[in-house]
Amino acid sequence: GVTRLLLTRIPFFKEIIVSSFSCDSCSWSNTEIQSAGRIQEQGVRYTLAVTSRQDMNREVVKTDCATARIPELDFEIPAFTQKGVLTTIEGIIDRAVAGLEQDQPVRRATDQEVANKIEEFIGKLKQLKEVHSSFTFILDDPSGNSFVENPQAPQKDDALVVTRYRRTPEQNSLLGLEVEEKPADSTEDLRDEVLQFHTNCPECNAPASTNMKLVQIPHFKEVIIMATNCDSCGHRTNEVKSGGAIEPQGTRITLRITDPSDMTRDILKSETCSVEIPELEFELGMGALGGKFTTLEGLLKDIRELVERNPFTLGDSSMPSKTEKLQEFLGKLQEVKGKTSAHFIMDDPAGNSYLQNVYAPEEDPELRVERYERSFEQSEELGLNDMRTEGYEQQGAPRR
């Protein structure tokens, strides 16, 4: 047979390698995809409540390091047991059924009891495709390069929950990432120094440098700004991390956009902050776009680029209705930039986000900052429910 390889670039999905095999003797063919881009800064977990046959047709990009689970059947497809694939929810189930049925004749001859149990489980998997009852599909990818389609994009999908998380050391080791921890020098003052460390460009993989600086934002707190500049391809990127602790309360910031000058307001959006524009029925979940220190216009530009690069609304496979819906939303987003009054809402359970008050230290009539108590679910997502900062020494001390 013949195997063909193609290195191509898909918007919002970085670079991939498409491999296609075909045999002229038996007409058998097979296609696979592998990620050729860099591993993302955070892992991603998609939790989908499948309630109808339409949900079975959702497109899925599953990389080889992703884990697929169906808790109702206690079923799991472990990482690195299948090659990367672009398919649907139904396609993943069909692929699992085909894999289980492959060795059934041998099992029936050697261990009839095991073969009967697997046959019963295969029947349960096939029943899932009829969606007689709802079930949960979970796709967990520590590399952050897997996707599950949102057919209602750019609006929020209530059935789909997207969670971005920091990888554990075990997951970094599984992906082949080595993290070197250096002891901190307490005598070094980071506030007056720009630290520089070597890395590779995320676009062309050429050697580049990342600068890191601790900055004090007036009327707010300290943040860490990291900027990467590639001399080979000109790519530039920046990321912001909070330099302080998680605040005792969450913060909800509401700005009423009434003038084009509002577009120049400085914004600090942390990784835990979600963005909402009620007039457009648009919501951007926490973790998306990462941490940003920019202006309101710059953040709206990043949101526009994020929506435009949705892989399920581009190319020959996109549906005309989705494309028209997307273009209509982009037109409304463009009108928000000073032409149409709208509300811009930032909700950060960690309280580490900031929107500039141009009247500081006086109150801004168009800006409202609310403090609220975090819910149990928000504290759980931030890892605060199981955190002990007092009394842990006595609890962990050995008894004599």
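A few notes on this one:
- Counting 0.36 nm for each residue step from ALA159 to GLU328 and taking away their Cα separation leaves a gain of 58.5 nm.
- Summing charges over all other residues whose Cβ lies under 14 Å from the Cβ of GLU381, with Lys and Arg as +1 and Asp and Glu as -1, gives -2.
- THR87-SER173 pseudo-label distance in nm [points 7 Å out on the Cα-to-Cβ vector]: 3.0 nm
- Charged neighbours of GLY285, selected by a Cβ distance under 9 Å, balance to +1 (K, R count +1; D, E count -1).
- Peptides 165-172, 347-354, ordered by how many other C-beta atoms sit within 10 Å of their residues on average, highest first, read 347-354, 165-172.
- J(HN,Hα) series, the range 77-85, from Karplus relation 6.51 cos²θ - 1.76 cosθ + 1.60, nearest Hz, glycine and proline x: 9, x, 5, 6, 9, 9, 6, x, 8
- Over the range 189-242, accessible surface divided per residue gives 63 Å², non-protein components excluded, 1.4 Å probe.
- Disulfide-incompatible cysteines by the Cβ rule (no partner under 4.7 Å) in the chain: CYS23, CYS26, CYS65, CYS273
- Listed residue pairs exceeding 18 Å between alpha carbons, taken from LYS292/LYS322; LYS156/LYS332; LYS62/LYS292: LYS292/LYS322; LYS62/LYS292
- For the pair VAL106 and LYS126 in one chain, pulling the backbone fully straight at 0.36 nm per residue adds 5.1 nm over the alpha carbon distance.
- Sites LYS221 and GLN42, calculated FRET efficiency, Cβ-Cβ separation with R0 22 Å, nearest 0.05: 0.45
- Modelled label positions at ASN385 and GLN196, each set 7 Å beyond Cα in the direction of Cβ, lie 4.6 nm from each other.
- Cα gyration tensor category, rounded, prolate or oblate, for the range 39-175 with a/c compared to 1.5: oblate
- Peptides 155-162, 293-300 ranked from most to least packed, by the mean per-residue count of other Cβ atoms within 10 Å: 293-300, 155-162.
- With every protein chain in place, the chain: carbon and sulfur % of accessible area (1.4 Å): 48 percent
- FRET efficiency, 1/(1 + (r/R0)^6) with R0 41 Å, evaluated for GLN34 and LYS117 via beta carbons: 0.75
- Ligands, DNA and RNA are left out, and with a 1.4 angstrom probe the accessible area of the range 251-305 is 36 Å² per residue.
- Pairwise FRET efficiency - THR136 versus ASP94, Cβ, R0 = 22 Å, nearest 0.05: 0.75
- Linear extension gain, GLU305 paired with MET319, 0.36 nm per residue minus alpha-carbon span: 3.1 nm
- Cα gyration tensor category, rounded, prolate or oblate, for the chain with a/c compared to 1.5: prolate
The values are calculated or read from the model by the stated rules, or taken from the named source; none is laboratory data. What you see is a predicted model, and the numbers here were worked out from it, not measured in a lab. Cβ sites come from the backbone with ideal geometry, for glycine too, and all protein chains shown count toward neighbours. Just so you know, the surface numbers come from the protein's heavy atoms only, side chains and all, with ligands and any DNA or RNA stripped out. Shrake-Rupley method; radii C 1.70, N 1.55, O 1.52, S 1.80 Å.
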